[in-house]
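The values are calculated or read from the model by the stated rules, or taken from the named source; none is laboratory data. Note that the structure is predicted; figures quoted are calculated from it, not measured. Cβ placement follows ideal geometry from the backbone for every residue including glycine, while neighbour counts extend to all protein chains displayed. Ligands, DNA and RNA are excluded from the accessible area calculation, which covers all protein heavy atoms including side chains. Shrake-Rupley method; radii C 1.70, N 1.55, O 1.52, S 1.80 Å.
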Amino acid sequence: MSSIFSMDLLNLLFKNSNDAVFFMEKIDEKYRYIFVNDAAVKLINTNPCGKTIEQVIPSHMAKTIIHHYDLTIEQNKQVEFEDFTYERMNVRKQRTTTIPVVQDGKNYILAMTKEVSMSLDLEDKYLFMRSLFSNSFLSTILISNDLQLLEANTKFMDEFNIQVEDASRTSILDMPFLERKMAKKLKSYLKRAQLGENVQSKMLFFIDKHNEQRCFTASFSSLTSNGENIAVFIILQEITEFIKQGQALRTASHGLEMFKNAINSFADVIFTDADGNIIDVNERVVKNTGFTHEELIGMPHHFLHSTYHPDTTLMSNWQKVSKEEIWRDEVCNRKKNGEIYWVDSTMIPLKNELGDVEQFLMVQYNISSEKQLMSELYIIERNFRAITENTNDFIVVTDRFGKIKYASPSYSRKLGYLEEELIGVPYDRLLKPESVQLWHEALNPKTVDIVEEQKIELLLYKKDNSTIWTEGNYTLTFDLANHEITEIVMVSREITERKQLEDKLTYLAYHDSLTQLGNRRKLYKDFPLLKTEADETGTCLAILYLDGDNFKQVNDLYGHDVGDEFLIQFGKSLVRSVRNEDLVIRLGGDEFLIVLTGLSIYEKERSVQLAHIMDRIKENLQIGWMIRAAHFSPTASMGLSIYPQHSLSLDVLIDLADQALYKAKQTSN
């Protein structure tokens, strides 16, 4: 910037001016303050130098200023405009003169703002409105042309928890007390008022600070100066209670008639005088008790009570009603034939226009069936508790999501959990991972049978992290109305010993009893899985058939006990020589078979792999082992066949490997 616009010069010219002076630089589409005098600082209550207009001036005022600044630069001539500012119940009118300045290819604005007097009618109107702001029992607000909340009286701010300073940069349409549908209506009313229309008695619904809906009638007045609208003043009168009362009045007569019909259909109604003597009953009382209307009139209100209740109880209840309190309790009554029945009885004092109790209304609902049902349920529950608390079976009830609603004491006794550690907990938290899927399938069956019991075996954690097996029958409880499972009831018993025996028998079925290696049955069980894995990974398998050399001499020289130990050590040596994923099998006698996995499909590379494995087998056998102070380092003959090159059949592969073994023995001899 040239020295003719230096800060010293600007201070010399404008520092003491009564008019507010701003010197702005345009950068891109924004205007940045370079210089302001003291009057300008006083006008906007801050020193804005270095900041943009949007950072200093509220958005609804900044838009007007930027528009005229852009117009000044575009026309390259002086522009004058008027605007208004609002601050804490005061409105001021300013006239601003803007002068374009171009220096070194940059655009600047020199703006001078002076306050001008408003017209008398505007002052009078505003003073009147301000009086309403401060003193009115109504809620009142002032809205700018760009829909900013400028001012509000104390009543409005308190009821809707609004601070004008916090809301000055937010459109009133985005305020939290306005729902979207109501915001659209308010916007249309404001636009009509800005155009000079007198908008009166419009109904608006706002949400107050307690999140309750409030209803108001609203009147909109345009605040103008020199024919130009500068704001809209809104007066709100609450009619929430009137709306509620109107709704109540519209339904009162219809509701009363419905109430009378309903109460006569389902309840016994008895009226007594102030002393408690019966003065009227409805037909249900006559029908249900067997007494005639004449037999009941004039009798005390407790005439129908049975001897089930002590006299002290009846006296206490009557004392409550006599004190003008509404009394309610379950009462045991008797019919004319002596049969008893239970009622839910409510007695209400009825007052005359002077406020004195002159009658009592007694409304009674027969609850004999409910009392009978509760009694039966109590007996059922008592028996259920007696059974479940003294059985070793595991009894559990869960909701449809598997959360425990009831667990019998056996869960605590055998698993070590406290009752409070089980209730509300998903049942699958008690299960080992291998049982979780089975339980989830029970919770989400493909078809639902609400009668047939289903069996399930589950492995459960005890609190000490040990496990037990259970076998249970579970039943689904089905809600026919909503077509969904509501509960699962399961009764289980422990089968840990049986499972351990089954596991032991399964192990014996698939393993050689002497060497504990897999047997021929395990070979035929596992080979299809190994074959499938080889197909999926694009690898080969090898069947390695082994026969110990001169094994008969071990038995002849050392006896069968040493011979058995020799076979055990022979098998262990083979296991040490191959990988964990390979399968070592004892076929019988001194014949062993190894399934080698993960071999290359390329013959040359596979030959190297096989040679390495076979050398390792020979080396480990040569190292040997000690049995009863004798050292053994045997040799073995081997034969090979390859899957899938030689055959897809296991029997054929075994036979080919056996033939190769035979040839190897002949060659060695």
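Given a 1.4 Å probe and every protein chain left where it sits, what share in percent of the accessible area of the range 425-541 is carbon and sulfur?
Result for the range 425-541: 50 percent of the exposed heavy-atom area is carbon or sulfur.
Quick one: accessible surface of Ile456, probe radius 1.4 Å, all protein chains present, in square angstrom to the nearest 10.
Roughly 20 Å² of Ile456 is accessible to a 1.4 Å probe.
Suppose each label sits 7 Å from its Cα in the direction of the beta carbon; what would the Tyr510-Asp280 distance come out to in nanometres?
8.7 nm
Too long at a 31 Å Cα-Cα cut-off: which of Lys114/Lys209; Lys414/Lys572; Lys371/Lys462; Lys155/Lys191; Lys462/Lys572?
Distance filter (> 31 Å) returns Lys114/Lys209; Lys414/Lys572; Lys371/Lys462; Lys462/Lys572.
For the charge dipole of the range 400-555, defined by +1 on Lys and Arg C-beta atoms and -1 on Asp and Glu C-beta atoms about the Cα centroid, which residue among Leu505, Asn473, Leu430 has the Cα displaced farthest towards the positive pole?
Farthest along the dipole direction, towards plus: Leu505.
Please calculate the 1.4 Å probe accessible area of Ser513, with all protein chains present, and give it to the nearest 10 Å².
Counting only protein heavy atoms, Ser513 exposes about 100 Å² to solvent.
Write out the GluC sites (Glu not before Pro) in the range 28-78 meeting two conditions: DSSP loop, and at most 11 other Cβ atoms within 10 Å of their Cβ.
Listed in order of number, the matching sites are Glu29.
Please give the solvent-accessible surface of Arg493 in Å², to the nearest 10, using a probe radius of 1.4 Å with every protein chain present.
Rounded to the nearest 10, that gives 140 Å².
What GluC sites (Glu not before Pro) does the range 524-584 have in DSSP loop regions with at most 14 other beta carbons within 10 Å?
Details: sites: Glu533, Glu536, Glu565, Glu581; in loops: Glu581.
Passing sites in the range 524-584 are Glu581.
May I ask you to give the percent of accessible area on the range 623-669 that is carbon plus sulfur, with a probe radius of 1.4 Å?
Taking all protein chains in place, the range 623-669 shows 55 percent carbon and sulfur surface.
Could you give the accessible area per residue of the range 454-549, probe 1.4 Å, as a whole number in Å²?
The answer is 55 Å² per residue.
Counting only heavy atoms of the protein chains, get the accessible area per residue of the range 580-669 (1.4 Å probe) and round it to a whole Å² value. Before the final figure, lay out the partial values.
Details: 5010 Å² over 90 residues.
Ligands and nucleic acids excluded, the result is 56 Å² per residue.
Given a 1.4 Å probe and heavy atoms of the protein chains only, how would you sort Asp19, Asp526, largest accessible area at the top?
Largest to smallest exposure gives the sequence Asp19, Asp526.
On alpha-carbon atoms, Rg over Rh for the range 405-465 using Kirkwood Rh? Could the numbers behind the result be given before it?
Numbers: Rg = 12.9 Å, Rh = 13.0 Å.
Rg/Rh: 1.00.
As a test of reading the structure, rank Ile99, Ile488 by solvent-accessible area (1.4 Å probe, protein chains only), most first.
From most accessible down to least: Ile99, Ile488.
Would you rank His68, His302 by solvent-accessible area, highest first, keeping every protein chain in place and using a 1.4 Å probe?
His302, His68
Among the listed pairs Lys432/Lys455; Lys26/Lys51; Lys446/Lys531; Lys432/Lys463, which are separated by more than 22 Å between their Cα atoms? Please list the in-between numbers first.
Working: Lys432/Lys455 18 Å; Lys26/Lys51 12 Å; Lys446/Lys531 33 Å; Lys432/Lys463 12 Å.
Beyond 22 Å: Lys446/Lys531.
By its C-alpha gyration tensor, with a ≥ b ≥ c as the square roots of the eigenvalues, how is the range 476-613 shaped: rounded for a/c under 1.5, else prolate for a/b larger than b/c, else oblate?
Because a/c hits 1.5 or more and a/b fails to exceed b/c, the range 476-613 counts as oblate.
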